[in-house]
Amino acid sequence: MEKSESLKLLENEMISDESLPLRESNLVFGEGNPEAEVVFIGEAPGFHEDRLKRPFVGRGGQLLEKLINEIGWRRDQVYITNIVKRRPPENRDPLPEEIEAYRPYLTRQIEIINPKIIVALGRFAMNYFLPEAKITRDQGKVFDVGGRLVVPMFHPAAALRGNNAMAQFTETMKKLPSLLIPT
Ligand code: URA
């Protein structure tokens, strides 16, 4: 089966899974190239994402896309999604049980795409893969998680808030292309 077809089936399964939390918000499954070598994973959809049913379409998303372009890639070449796929009320932090409820689906989504690199955007996505990691200490480092590279980065919203975070966000982004070169 084509990866795009497997992803569509997974999305349909999520739509009909009534056990998933936050069902008052729209499902923002994720988008991009099903054959992508790089998957960017954020925390949860916000207001704009919920409205458009697309991940990272607000200010943070614009920054992410700009940096993706600056390293010579296009947004539609990579894949972008979130650990929690519906918007928490008032954009509050996702709860541990919400993250766990969506985990089996994200696991399958990653297995289908089978990327070389997962870029974890922000603390929640980072701790999903690396429970002990600290964002200020570990952003920009490259970890091997079950044979896949995981690179934590600041969340784009954090980069927009602070100069230092912006500089580190940019620097880590520039590292990504070299990680795809076979050694
Ligand atoms: N923040 C996230 O973590 N994900 C989105 O899709 C948008 C904002």
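The numbers here are math on the coordinates, done by the rules we state, and not lab data. Quick caveat: nothing in here was measured; it's all calculated off a predicted structure. As a convention, Cβ positions derive from the backbone with ideal geometry for all residues, glycine included, and neighbour counts pool all protein chains shown.
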**Contacts under 7 angstrom Cβ, first residue in the range 33-61 being within 16 Å of I110 (Cα to Cα) and among the small types (G, A, S), partner more than 9 Å from the ligand (Cβ to nearest atom) and part of a strand (DSSP E or B), 6 or more apart** = A36/Y79
**Fill in**
Turns out the strands (runs of 3 or more DSSP E) fully within the range 114-182 with at least 3 residues that are without any contact (Cβ under 8 Å) to a residue 40 or more places away in the chain are 143-145, 148-153
**Request:** Kindly indicate which of E24, E65, E5, E11 is away from the ligand (no atom under 16 Å from the Cβ), out of contact with any strand residue (DSSP E or B) (no Cβ under 8 Å at 6 or more places or on another chain) and not in a loop (DSSP other than H, G, I, E, B).
**Result:** E5
**Message:** One residue is enough: does the range 86-106 have a residue meeting the conditions more than 9 Å from the ligand (Cβ to nearest atom), in a helix (DSSP H, G or I), at positive phi and surrounded by fewer than 14 Cβ atoms within 10 Å (Cβ to Cβ)?
**Reply:** yes
**Message:** I'd like the full set of residues that are more than 12 Å from the ligand (Cβ to nearest atom) and either β-branched (V, I, T) or closer than 19 Å to P156 by Cα (or both), limited to the range 33-50.
**Reply:** V38, V39
